[in-house]
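The values are calculated or read from the model by the stated rules, or taken from the named source; none is laboratory data. Just so it is clear, the model here is predicted, and its values are computed rather than measured. So basically every Cβ, Gly included, is an ideal-geometry build from the backbone, and we count neighbours across all protein chains shown.
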Amino acid sequence: MLLTTASFSRSPLSFWRRYRSGILLLTPLLVFLLCFYVIPLTNLLAQSFSFSSGDTNQHDGWTFYQYLKTYESARLGRVLSRTFRISFITVLVTLVISYPLALLLLRASRRLRTALLILTFVSLASSLIVRNYGWVVVLADGGALNSTLIGLGLIDQPIRFMYSEGAIIVGLVHFAIPFMVLPIYGSLLRIPTSMREAALSLGSSEWACLCNITLPLSLPGVFGGTMLTFAVSMSAYVTPLMLGSPSTAMISQVAAEQLLVQLNFPWGAAIIVTLTVLTFLLVAAYASILRKVFRATV
Amino acid sequence: MQQSSEYQARGYQTVVQAISWFTIVFLLFPVLLTVIVSFNASFFIEFPPKALSIDWYGNIEKIHRIGHATLISALIALASAAVATLFGICASLALVRTELPAKAAITAFLVSPITIPMVAIGIALVQFFILIGTAFTWYSLLIGHIVLVLAYPIRTLVASLTLSNISLEEAARSLGATRRQVFITITLPQMTPGLISGFIFAFLISFDNYPISIFLVRGGLTTMPIELFNYITQNLDPTPAAFSSLYIAIVSVIIFFAEKRWRIISYAIH
Amino acid sequence: MSNQSTRSASTSISRRTLLKRGIAGAFVISSPWMTTSARAAGQLTVVLNQGLLAKLWIDELNPRFEKETGATLNIQQSVTGAMLAMLKTQKDNPPDLMQFSEAGVFQARDQGLLKQYKTSSIPNWKFLRKEFNMADDYSAGMIDAMNTIFYNTNVIKTEPTSWAELWQASNKGKIAIPPATWNNGIRMIVTASQIATGLPLDKAQYDFESGIKHLANLKKNGAVVYNDAPQALQMMQSGQVPLVPFYVAFAAGLVAKGAPIAPAVNLKEGKHGEIVGLNMPVNAKNVELAQAYVNLSLEKEFQSKIDSVLRARCGHIDVVTSPDTLKLIGDPSNTTYADWAFLSKNRPKMTELWNEVFG
C-alpha cells in the first residue's frame with residue numbers, strides 16, 4: 001500500500017523501506033535493460049571514440065576523429081539536413097491531415113467510428129514493407145497515379161515520382177498517420193463536451209472554439225503524436241530504402257552502409273550517436289517550447 | 001449574426017470532413033491498388049490492368065522460405081509481446097502505485113528505446129551477442145525484439161493505471177481483501193485497456209520489424225519482412241502484391257473478428 | 001471518465017493464463033525447430049548472388065544436388081560487398097560456399113579468407129577455361145557477367161557505340177548509373193577515367209580520382225542512381241530513363257519476354273566483363289559437400305544453361321557460345337576485364353569519393 005510518511009529520514013534503511021516495493025518490482029526489468037540495452041549501446045558509444053583500421057594518423061586511446069569526420073563530410077551534412085527536412089515536412093503534413101480525422105472520429109456515429117478505427121488498425125497491422133510496396137505500385141511509372149494523370153489528359157509522359165524525397169515523405173506520412181490519429185483522438189476524448197457546448201452557446205464560432213479550446217487541451221496528444229512521428233522519421237531506414245535512391249539516402253541508411261558493408265564500426269557508431277543526440281535535443285527543445293509557451297503539460 | 005455563424009459552422013464541418021476523407025482515402029489507396037495489381041496478368045507493374053489472372057497467388061511460395069520466415073516472425077512477435085507486457089505490468093505498478101525516487105527519469109529511461117534509431121539498437125545488439133557468443137540464435141533475436149517493443153506496453157499500462165480509480169482498491173483493502181485479491185480482482189481488470197492495446201502494439205511492431213532483425217539473423221533464422229524485402233528488391237513481378245493482399249486480408253479478418261468478439265479497439269482507445 | 005468495472009476474478013484470470021500458457025507451450029514445441037546450428041553433416045550453406053544469376057542455381061542445380069547427395073541446402077542471397085563483410089565477421093563459422101565475382105576474390109584471397117580448391121577432388125575442374133580459373137584455383141569462375149549500356153529501343157533509335165555518349169548533352173536526363181555498392185558502379189568510375197585521361201583501360205584504372213571527377217560531370221548531365229535490379233529494369237523498359245548500364249545476365253529474361261530493351265554490343269572503350277564464380281571460405285565446415293556442389297555446377301549440361309538462360313559466356317571449355325547469346329553479348333574480344341586486386345583494395349576510398357558526389 002502507499003506509504004505516506006510526513007517525516008523524511010535519510011537513513012538507508014528507511015530509504016529501502018520506503019521504496020522497497022517499487023524497487024523490487026522494477027529490478028528484473030532494469031537488469032534486463034542493463035544487460036541488453038545499456039551495455040550494448042555503451043559499447044557502441046565507446047567504439048565511436050576509437051579509430052578504424054583504415055584511418056590515417058592513428059593513436060591509442062580516445063579520439064574525436066570520427067565525429068570530426070562526420071562534421072567535415074559534405075555528404076553527411078547533406079544527408080543530415082535532408083533527413084531533418086524530410087522529418088519536419090512529414091510531421092507537418094501528418095499533423096494537418098490527421099487532426100481533422102481525429103475530430104471526425106469524435107463526432108462520428110458508433111458504426112462509422114468503429115469502421116474507421118478498424119481501418120487505422122489494419123493500416124498499422126500491415127507490415128511496413130507491404131505498405132511501402134503499395135506505394136511503389138501507386139507511384140511507379142506505369143502505376144495508378146501516373147495512369148490517372150495521363151488518362152485525365154494532364155500529362156503526356158509519366159512523371160518520375162518514385163525514388164525521390166517526395167516518395168519517401170508520402171511513405172512516411174502513410175506510416176505515421178495511425179501514430180498521430182490515435183493519441184490525438186485519445187486526448188480529444190478527455191476534453192469534456194460541456195466546454196465546447198458552453199463556448200458555442202456563448203457565441204463562439206466553431207473555428208474559434210477549435211483554436212481556443214480544443215487545440216490547447218489536446219496538446220498532450222498532439223505532442224505525443226508529433227514527437228513519435230518525428231523520432232520515427234529521423235531514424236527511418238526501410239522506407240527510404242524502398243522508396244528512395246542512393247541520392248536521397250537518410251542517416252540510418254548511411255550508418256548501416258558503414259556498419260554492414262564497409263565494416264567501419266567507429267564511424268558508423270559516430271554517425272548513429274550524432275543522429276540520436278540530435279533527435280533527442282530537438283525533441284527536448286520541442287517539449288520545453290510547448291511547456292513554456294503554451295503552458296501545456298507534456 | 002445567426003446566418004453567418006451557421007455558414008461558419010458549415011464551412012468548418014466541410015473542411016474537417018473534406019480533409020478527413022482525403023486522409024481515409026490516402027490510407028486505403030495503396031492497399032486497394034496492391035490488390036488490383038495482384039490480379040494483373042502482366043509481368044510489369046501496370047495500371048489499369050489489361051488482363052486478369054490469379055497466377056501470382058500461386059507464385060507466392062516462390063518467395064524464398066516465406067512460410068518458414070512468417071512462422072518465425074509470428075512466434076517471435078507473440079513471445080516478445082508477452083514478455084514485454086509482463087515487464088510492463090511490473091513497471092506500471094511500480095511507477096504508478098508505489099513510491100520511487102526520480103520517477104520521471106526512470107519512466108524516460110524505460111521508454112527511451114523508441115527514440116533510439118532501430119539501426120543503432122540492431123548493430124549494438126549484434127556486436128554484443130557476438131562478444132558473448134550467442135549471435136544469430138533465435139533467443140538473441142527474441143531479446144532484440146523485446147528491447148524494441150518494451151516501451152509500448154509500459155506507456156499504455158502507465159496511462160491505463162493512472163486513469164484507474166485507486167479508491168476502489170483502497171475500499172477493497174479496507175473491506176478485508178488481501179493484496180493479491182485486490183490485484184487480481186480490481187487492479188488487473190482496470191489495466192485491461194492498457195494491457196490489450198500494449199500487447200497488440202508490441203506484437204505488430206515486432207512482427208513487422210526489419211532494421212533490428214536484419215542485423216540479428218543469419219542462416220536458417222529469418223523473418224517475414226526480410227524475405228519479402230529481398231524478393232521485392234530482386235524481382236520485378238507482382239508476386240509481392242499477391243502476398244501483400246493475402247496478408248492484409250488475413251489481418252483485416254482477425255482484427256474485425258477481435259473487435260466484434262472482444263471489442264479490443266474500443267477497449268484500447270477508451 | 002469512463003466507467004470502470006471490476007470483473008469477477010475467475011473468468012478474466014482463466015482466459016489470460018490460458019493465453020500465456022498457450023504461448024509458452026507453442027514456444028516449447030517449436031524451439032528445436034528454430035535452432036540455427038547446422039545439423040551434423042548433410043547440410044550445405046551456400047550464399048548465392050542476386051536475381052537471375054542465383055535463380056538459375058536455385059531452380060536447376062539445387063534440386064538435383066539435394067536429390068543426388070541427400071544433403072539439404074541452406075541458401076542465402078547477398079551482394080559481393082556484403083559477402084566480403086560476412087567473410088570477415090564470420091571467420092569462425094562461415095558459409096560453405098559463396099558466389100561472388102572477381103571483384104571480391106582477390107581481396108578475399110589476399111586477406112586469407114578463402115580456401116584454395118583441391119582440384120584433384122573435383123573431376124569436372126579440367127573442363128574449366130583457363131581465364132575462368134581465378135586467382136590460381138581460389139575461385140571456380142562460371143559466368144562472365146558482362147555489363148554494358150542497355151537502351152530502350154523505342155526512345156533511343158541508334159545503338160550507342162561508346163560510353164562517352166552518356167556524357168553528351170543530347171542525352172541529358174536520360175541516364176541512370178549503378179551505385180558504388182555494385183561492381184559495375186566501380187567499373188563506371190574506371191571507364192570515366194578512361195574517357196577523361198584518354199588512356200587505355202589497363203593504365204587508366206589506376207587513376208580513379210580523374211574518374212570520379214569526370215563522373216561528377218555525368219551528374220550535371222542529369223544522371224540518376226538506381227538502387228536495385230527491379231528499379232533499373234523498370235526504368236529502362238518504361239523508357240522513362242532509356243540509357244542504363246546493366247548486367248546482360250539480369251536482363252536476359254526480360255529481353256526474351258519481348259521488352260523493348262537491347263544491349264549495346266560494341267563499345268569503343270570496351271564492355272565490362274566480370275567473372276562470377278563459386279568460392280570456398282577458409283574454415284568452411286562441409287568441404288566435401290561443397291566440392292560436390294562445385295563439381296555439379298561445372299557439368300556441361302548445367303553450364304550450357306548459363307549460355308541458354310543467362311545469355312552469358314560460361315566457364316565450361318566445351319560449351320560453344322550460341323548465336324542467340326552472341327547477339328546479346330557481341331564480340332567477346334570487345335569485353336574488358338579490370339584489375340580487381342587493385343580496385344578492391346582501393347574500393348573504400350573510391351566509394352567515399354563517389355558518395356561525396358552522388359550521396
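Points to keep in mind about this one:
- Qualifying residue in the stretch B:106-117 (condition: over 25 Å from A:Gly22 (Cβ atoms), in the same structural domain as B:Leu188 (by TED's automatic domain parsing) and polar (S, T, N, Q)): no
- Test: residue in the stretch A:237-245 that is more than 11 Å from every other protein chain (Cβ to nearest Cβ), part of a helix (DSSP H, G or I) and under 20 Å from A:Leu128 (Cβ atoms): no
- In the stretch C:269-305, residue surrounded by the most Cβ atoms within 10 Å (Cβ to Cβ) [restricted to those that are of a type outside the set (A, V, I, L, M), out of contact with any Ser or Thr (no Cβ under 6 Å at 6 or more places or on another chain) and assigned to a loop (DSSP other than H, G, I, E, B)]: C:Asn286
- Residues satisfying the criterion are present in the stretch C:320-342 (criterion: part of a loop (DSSP other than H, G, I, E, B), among the hydroxyl-bearing types (Ser, Thr, Tyr) and under 20 Å from C:Gly211 (Cβ atoms)).
- Qualifying residue in the stretch B:180-201 (condition: away from chain A (no Cβ under 12 Å), within 20 Å of A:Leu260 (Cβ to Cβ) and either crowded, with 19+ Cβ neighbours inside 10 Å or of a type in the set (Phe, Trp, Tyr) (or both)): no
- Scanning the stretch C:338-359 for residues that are aromatic (Phe, Trp, Tyr) and more than 8 Å from chain A (Cβ to nearest Cβ), we see that the one that is farthest from C:Ala204 (Cα to Cα) is C:Trp354.
- Residues of the stretch C:114-169 classified as touching a strand residue (DSSP E or B) at 6+ places or on another chain (Cβ under 6 Å) and surrounded by fewer than 21 Cβ atoms within 10 Å (Cβ to Cβ), total: 3
- On the stretch given as the stretch C:105-129, residues that are more than 22 Å from C:His316 (Cα to Cα) and either of a type in the set (S, T, N, Q) or outside any loop (DSSP other than H, G, I, E, B) (or both) total 6.
- Qualifying residue in the stretch A:193-204 (condition: part of a helix (DSSP H, G or I), in contact (Cβ under 8 Å) with a residue 12 or more places away in the chain and over 17 Å from A:Arg107 (Cβ atoms)): no
- Condition check for A:Ser252: part of a helix (DSSP H, G or I), over 10 Å from the mean Cα position of the chain (by Cα) and hydroxyl-bearing (Ser, Thr, Tyr): yes
- Residue list for the stretch C:224-247, restricted to those being under 18 Å from C:Ile156 (Cα atoms) and at pLDDT below 90: C:Val224, C:Ala232, C:Leu233, C:Gln234, C:Met235, C:Met236, C:Gln237, C:Ser238, C:Gly239, C:Gln240, C:Val241
- Any hit, the stretch A:133-151, residues being under 30 Å from A:Ile271 (Cα atoms) and of a type outside the set (Ser, Thr, Tyr): yes
- The stretch C:315-354: number of residues that are of a type outside the set (A, V, I, L, M, F, W, C) and in contact with a Pro (Cβ under 8 Å, 6 or more places away or on another chain): 2
- Count of the stretch B:111-128 residues which are more than 7 Å from every other protein chain (Cβ to nearest Cβ) and modelled with pLDDT under 90: 3
- Filter pass, A:Ile129 being within 15 Å of A:Phe175 (Cβ to Cβ), more than 8 Å from chain B (Cβ to nearest Cβ) and either without any contact (Cβ under 8 Å) to a residue 12 or more places away in the chain or not small (Gly, Ala, Ser) (or both): no
- Screening A:Ile150, A:Ile118 for residues that are under 27 Å from B:Ala202 (Cα atoms), assigned to a helix (DSSP H, G or I) and among the aliphatic types (A, V, I, L, M) leaves exactly one candidate, A:Ile118.
- Candidates A:Ile168, A:Ile191, A:Ile251, A:Ile155: the one that is out of contact with any Cys (no Cβ under 8 Å at 6 or more places or on another chain), more than 9 Å from chain B (Cβ to nearest Cβ), surrounded by 24 or more Cβ atoms within 10 Å (Cβ to Cβ) and not aromatic (Phe, Trp, Tyr) is A:Ile168.
So that you can scan it fast, the table gives a plain yes or no per residue for (1) within 7 Å of another protein chain (Cβ to nearest Cβ); (2) without any contact (Cβ under 8 Å) to a residue 60 or more places away in the chain; (3) crowded, with 16+ Cβ neighbours inside 10 Å; (4) under 21 Å from the mean Cα position of the chain (by Cα):
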residue	(1), (2), (3), (4)
B:Tyr12	yes, yes, yes, no
B:Gln17	yes, yes, no, no
B:Val37	yes, no, yes, no
B:Lys62	no, no, no, no
B:Ser73	no, no, yes, yes
B:Ile76	no, no, yes, yes
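- Residues in the stretch C:219-268 that are without any contact (Cβ under 8 Å) to a residue 12 or more places away in the chain and more than 14 Å from chain A (Cβ to nearest Cβ) were compared, and the one that is surrounded by the fewest Cβ atoms within 10 Å (Cβ to Cβ) is C:Gly258.
- Criterion: within 30 Å of B:Ser38 (Cβ to Cβ) and touching an Asp or Glu at 6+ places or on another chain (Cβ under 6 Å) - qualifying residue of A:Ser147, A:Ser98, A:Ser127, A:Ser123: A:Ser127
- Residue check, B:Ile212 more than 8 Å from every other protein chain (Cβ to nearest Cβ), aliphatic (A, V, I, L, M), assigned to a helix (DSSP H, G or I) and in contact with a helix residue (DSSP H, G or I) (Cβ under 8 Å, 6 or more places away or on another chain): yes
- Of all residues in the stretch A:98-118, those satisfying the criterion of being among the hydroxyl-bearing types (Ser, Thr, Tyr) and either surrounded by 21 or more Cβ atoms within 10 Å (Cβ to Cβ) or more than 7 Å from chain B (Cβ to nearest Cβ) (or both) are A:Ser98, A:Tyr99, A:Ser109.
- Flag if B:Ile66 is loosely packed, with under 15 Cβ neighbours inside 10 Å and hydrophobic (A, V, I, L, M, F, W, C): no
- Just so you know, in the stretch A:66-97 the residues that are more than 9 Å from every other protein chain (Cβ to nearest Cβ) and among the basic types (Lys, Arg) include one that is surrounded by the fewest Cβ atoms within 10 Å (Cβ to Cβ), and it is A:Arg85.
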